[in-house]
1. Only one of these conditions is not met by Arg150: (1) assigned by TED's automatic domain parsing to the domain that holds Tyr178; (2) within 16 Å of Tyr181 (Cα to Cα). Which number is it?
2. Got a sec? Which helices (runs of 4 or more DSSP H) wholly within region 121-196 have at least 2 residues that are more than 29 Å from Leu97 (Cα to Cα)?
3. Residues that are within 17 Å of the chain's Cα centre (by Cα), modelled with pLDDT of 95 or more and either surrounded by 13 or more Cβ atoms within 10 Å (Cβ to Cβ) or basic (Lys, Arg) (or both): does region 194-211 have at least one?
4. Given the conditions (1) of a type outside the set (A, V, I, L, M, F, W, C); (2) part of a helix (DSSP H, G or I); (3) in contact (Cβ under 8 Å) with a residue 24 or more places away in the chain, report the number of the one that Thr200 does not fulfil.
5. Can you tell me which residues in region 51-74 are over 20 Å from Asp95 (Cα atoms) and either touching a Gly at 6+ places or on another chain (Cβ under 9 Å) or of a type in the set (Asp, Glu) (or both)?
6. Would you mention how many residues in region 13-63 are out of contact with any Ser or Thr (no Cβ under 6 Å at 6 or more places or on another chain), in a helix (DSSP H, G or I) and either assigned by TED's automatic domain parsing to the domain that holds Ala183 or touching a residue at least 12 places away in the same chain (Cβ under 8 Å) (or both)?
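The values are calculated or read from the model by the stated rules, or taken from the named source; none is laboratory data. Note that the structure is predicted; figures quoted are calculated from it, not measured. Note that each Cβ is placed from the backbone with ideal geometry, even for glycine, and that neighbours are counted across all protein chains shown.
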Amino acid sequence: MGNRLIINKIYELLAKQYNNDNWWKADSIDEVIIGAILTQNTNWNNVEKAIAVLKENGLCSLAGITKTKEEDLAEYIKASGFFKVKAKRLKAVADSLYMINLEKYDNDELRAFLLSIHGIGNETADTIMLYGYNLPSFVINAYTMRIYSRIGIINKKDKYNQVRQLFMDNISKDIELYKIYHALIVTNAKEACKVKPLCTKCPLKALCKFGSDYENIDSKSK
């Protein structure tokens, strides 16, 4: 089965198993951007706590963050962890993006500009583009690498942009599809394809040699 067929088949199987409508819930583009920074190296529950504090203080906007002292901002986002580092990153991102004119950039130029900002790496840049600016830029994360390396489509050592391009070359260039597909990958990694996988629960089991081998080994060890 070629890459295009298997990548699209995986989407069908995941979509049949899980419902991920409105996966990234945010009240504004600014909130998505802020969330994309805060979620680095932490879980989403902690991000929600930090965002709630920002909202309580009227600071859940890029303009609000530009007017806030870094040390004060760090206190507001304490729940997200690494709060001093993230406060510095949020200030840099807010200063760069709160007055951005998206019409000046094509997608590649915008991504390059995002990557030039302190605190924004590949995953964060694609998250901002896809979920914030509603532009077709597929998001790759550790969950993607885990699932697709186990299935055998990619290698764990493959570079981020190589894997991103694989997806963008082999699925329809559809923004909602990109959003839902990424959400489905995250859900499956949390529900079934964990570090210690629950292969019997995984809708991708029939496609996954790792899953078949793991199940055989696991059943023999009992």
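1. So Arg150 meets the others, but not (2).
2. 142-151, 175-191
3. Yes, because at least one residue in region 194-211 is within 17 Å of the chain's Cα centre (by Cα), modelled with pLDDT of 95 or more and either surrounded by 13 or more Cβ atoms within 10 Å (Cβ to Cβ) or basic (Lys, Arg) (or both).
4. Result: Thr200 passes all but (3).
5. Glu56
6. So the count comes out to 18.
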